[in-house]
Amino acid sequence: MIDRSPETGSTHRARPSGERRLLVTGSSGLIGSETVRHFAARGFEVHGIDNNMRRDFFGPDGDTTWVLESLRRTVPSFRHHDLDIRDRPHILALVEELRPDLIAHCASQPSHDLAKDRPFDDFEINAVATLNLLEATRRSCPESPFLFMSTNKVYGDAPNELPLVERATRWDYARPEDHHGVAEDCRVDATLHSLFGASKLAADAMVQEYGRYFGMPTACLRGGCLTGSGHSGAELHGFLAYLARAVREGRTYKIYGYGGKQVRDNLHAADVCSFFEAFYEAPKVAAVYNLGGGRENSISILEAIQRFEDLFGKKLEAEYVDQSRVGDHICYISDLRKIRADYPGWSVAYSLDRILAELAEVPAKD
């Protein structure tokens, strides 16, 4: 059924009174699929956009067909749209038709290693497609909160300038004032980003600008390592999920530089979605937050290897590569004080132990 809006003359699909609608991009990915399940369980009609570009990026390891099949099988309110977010006319038309109450933009080219080999794909997917979605939202439903999954790579390698101390199994911040990690006021210029970081920064700035310039409720969520059992972990993306897979399947795991002591904080996809809901209930204009697991959920590569070896009861075949990845963070922990101050009801529910145990229980894929 189609209704015509008397204010704009545009058309949109009618819906039952009180029904809420979500549009999520990258709906077969880690965060996107968790978002589908989270909001469907809360009564939303959920529309997902995904064309399985992850398989194109990462080969069979990145194939998300199994996720899509699971969503179709288990989430009755889910509607899948096999659409490329770079396809501006179709994106504009879909958003106009649906008029979603919430937009969660989770799709991306997610690898800073891959970006150098496919720079046009990287920028068009990460930056230009984000503009497509923002403009579609402004035209059709500017009052609907727009959540953008940004990345800590927008800071480039500036976090590496914090004084560090080398400990037995990890690098850590040397000064007490840096204990909580990297805050949102970390600079984003005069720093080496990788092409991926630059394309995500362009999108990040545009999401903020649509918020400030047009007064739209937008949020840039600068994720650290986001994880969970729904992750199709591949060598170039998905730290813990791929490491667990390497131990499980006897793959050789490459450690790139820093003695394997580089540190990341890890946040489960379910905790990302609980923040999505918190923002939907109390949106802000042009919000920017670091979204990670914080110090409590931080772990180095060496520490993660040991933990997974203990969980699986088998040794990892590891290869050390002396050359670190370009622009890689040596120690990155998300400072969560701002997000916790603005949304005191949100918290990290999945501990690091719970995350590791869940990943160790994931069955091997054929």
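Only the coordinates and a few stated rules stand behind these numbers; no lab work does. Keep in mind it's a predicted model, so treat the numbers as computed, not measured. Neighbour counts are summed over all protein chains in view; Cβ atoms, including those assigned to glycine, are modelled from backbone coordinates with ideal geometry.
Using DSSP H assignments, which helices in the chain have an axial alpha-carbon span of 24 Å or above and a mean Kyte-Doolittle hydropathy of -1.0 or higher?
For the chain, where a helix must reach 24 Å along its axis and average at least -1.0, the hits are 195-214.
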Check your understanding: What Kirkwood radius, in Å to one decimal, follows from the Cα pairs of segment 18-360?
Key -> 20.2
Practice item. Just name one of S77, M206, F275: the one whose Cα is farthest towards the positive end of the charge dipole of segment 18-360 (beta-carbon charges, Lys/Arg +1, Asp/Glu -1). Key: S77
Review point. Which semi-axis lengths, in whole Å and largest first, follow from the square roots of five times the eigenvalues of the Cα gyration tensor of segment 186-300?
Key: 30, 18, 12
Review point. By counting other Cβ atoms within 10 Å of each Cβ, how are S199, S351 ranked from fewest to most?
Key: S351, S199
**Study point:** Whichever lysines have a C-alpha closer than 18 Å to that of K153, once near sequence neighbours (fewer than 8 apart) are set aside
**Key:** K116, K200
Practice item. Return the FRET efficiency for the residue pair D322, K116: r is the Cβ-Cβ distance, R0 is 22 Å, and the value is rounded to the nearest 0.05. Key: 0.65
**Study point:** Excluding exposed DSSP-loop GluC sites (Glu not before Pro) (at most 11 other C-beta within 10 Å), longest clean stretch of the chain
**Key:** 144-360
**Study point:** Stokes-Einstein diffusion coefficient of segment 129-185, Kirkwood radius over Cα pairs, 20 °C, 1.002 mPa s, in µm²/s
**Key:** 145
Review point. Which value, in debye to the nearest 20, gives the size of the charge dipole of the chain about its Cα centre, when Lys and Arg are +1 and Asp and Glu are -1 at the Cβ?
Key: 480
Practice item. Output the relative contact order of the chain, whole-number percent, from Cα pairs under 8 angstrom with separation of 6+ residues. Key: 17
Review point. What distance in nm separates the simple spin-label points at T252 and S77, each placed 7 Å from Cα in the Cβ direction?
Key: 4.9
Point to revise | Square roots of 5 times each gyration tensor eigenvalue, C-alpha, segment 40-158, largest first, Å | key: 24, 20, 14
Check your understanding: Do any trypsin sites (Lys or Arg not before Pro) in segment 253-292 lie in a loop, going by DSSP, with at most 15 other beta-carbon atoms within 10 Å of their beta carbon, and if so which?
Key -> K284
Revision key, fill the gap. Computed D for segment 288-338, Stokes-Einstein, Kirkwood radius over alpha-carbon pairs, 10 °C, 1.306 mPa s, to the nearest µm² per second, is 118
Check your understanding: Using θ = phi - 60° and the Karplus form 6.51 cos²θ - 1.76 cosθ + 1.60, what ³J(HN,Hα) does each residue of segment 78-83 get, whole Hz, x for Gly and Pro?
Key -> 8, 10, 9, 10, 7, 9
Point to revise | Sparse-neighbourhood loop sites, trypsin sites (Lys or Arg not before Pro) in segment 131-171 - DSSP loop, at most 13 other Cβ within 10 angstrom | key: R167
